[in-house]
Each structure stands twice: as structure tokens, then as C-alpha cells.
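One structure is given below, encoded as C-alpha cells.
The values are calculated or read from the model by the stated rules, or taken from the named source; none is laboratory data. Fair warning: this is a prediction, and the values are worked out from it, not measured in the lab. Here the Cβ positions follow ideal geometry from the backbone for every residue, glycine too, while neighbour counts run over all protein chains shown. Each accessible area value is taken on the protein alone, full model and side chains, heavy atoms only, with ligands, DNA and RNA left out. Shrake-Rupley method; radii C 1.70, N 1.55, O 1.52, S 1.80 Å.
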Amino acid sequence: MRLVGAFTARHAGHPGLPEVLAAFQAIPTISDDAQMTAVARGLFPAYFADYRGREEEFAPPRASVRAGHVSGLDEALSPLVIDDRADLGSLSVPTLVVVGRHDVICGVRWAEELHRLIPGSELLILENSGHFGHVEEPEAFSRAVTRFVTAANSPAD
């Protein structure tokens, strides 16, 4: 919610902000695919660092978003909590953690935690991106992934 607050502050006064905030508030009420799709489309601008500056470009993908509802409740109708952090230390595969500086969903704090918990991982923070860094900063994303994959597949010295 802290990241949602930061998003709100960055976009204060923008006419599209109330729609995004309404979508965030509607999350707990989702009970079917139609509601999930409406919320996903409403949240779409929050996934980007500069959605409003590229709104014309992002309007078609936003309109095409379809989302399916999956309950986050267990059999007793309590919130289902999945926390695999304790297992991350046992990973032995090359790992590149990528995050956008303005990601309101999985922000820098979480990426830094993953990086800290996964042995030998690398961390890339895309400074001008939200959740879709591969779209907002495709060149930086591609360079980093190419370098990472190339290095991971090179014979050891």
C-alpha cells in the first residue's frame, strides 16, 4: 500500500487517477472473471512508470486485457498465504532479479529481498519502469538479459 501511496502522489491531480484508485479499492470485492478483468484494466496504468506519457501506445494492450479470477482463500475461507522465502537459499541456478523502480506490485524492496536470499543472484533495477520494464525500457532489459544468459551459458574459466 505504501507503493500505491507513492503512485498516487506522483499522479496527483491527473484525471485518470480516481479510476486507478477505484480499481485498487475493488480488489477485495472481486468474485468472477468479469470483475477481475475490470479491475485489471483499471489497474493497468499503475503497472507503468509513465503510463500517461505513453497512453496512446498502451491503450490497445489495456483494452485487450482479460483476467481470470482465482480465489485467494483456502478451504476455511481464510486468506491463503504462500511464503517460499525460506526455500530461496537452496536455489543453485543462475538468477537475475529484475524490477522497475516504480513497480507498485512487486517493488524494489521485494526484489532486494529476493536478491539477498538467492545465493549468487544478480539484481537489475530499471530506473524508468514500473512492473513492465521489458516494455518501458526494452533496450536496457534486453541488454541485461542477454548479458546474463550469455554469462550463464559460458564455460567456466
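Observations, loosely collected:
- What the stretch 1-86 shows is 64 Å² of accessible area per residue, with the surface traced by a 1.4 Å probe over protein heavy atoms.
- When you filter the GluC sites (Glu not before Pro) in the stretch 76-157 for DSSP loop state and at most 16 other Cβ atoms inside 10 Å of their Cβ, you are left with Glu127.
- Relative contact order (percent, whole number), the stretch 96-157, Cα cutoff 8 Å, 6+ residue spacing: 34
- In this calculation the C-beta distance from Ala6 to Arg85 is compared with R0 = 35 Å, giving a FRET efficiency of 0.90.
- Using a Gaussian network model of the chain in which every pair of alpha carbons under 10 angstrom is joined by a spring, one finds that among Leu96, Leu123, Leu88 the greatest mean-square fluctuation is at Leu88.
- Cα convex hull of the stretch 1-53 - mean projected area over all directions, nm²: 3.6
- Once the gyration tensor of the Cα atoms in the stretch 1-94 is diagonalised, the equivalent ellipsoid follows with semi-axes of 28, 20, 15 Å, ordered largest first.
- All C-alpha pair distances within the chain, sorted into 10 Å bins from zero, spread as 10, 30, 34, 22, 5, 1 percent across the bins.
- Counting only protein heavy atoms and a probe of 1.4 Å, the accessible surface of the chain is 58% carbon and sulfur.
- Placing a pseudo-label 7 Å from each Cα along the Cα-to-Cβ vector at Val65 and Glu19 gives an inter-label distance of 1.0 nm.
- Check: the stretch 16-157 dipole with +1 on Lys, Arg Cβ and -1 on Asp, Glu Cβ, in debye: 180
- The length gained on full extension between Thr146 and Leu117, counted as 0.36 nm times the residue separation minus their Cα-Cα distance, comes to 8.1 nm.
- The chain, relative contact order [Cα under 8 Å, separation at least 6], %: 20
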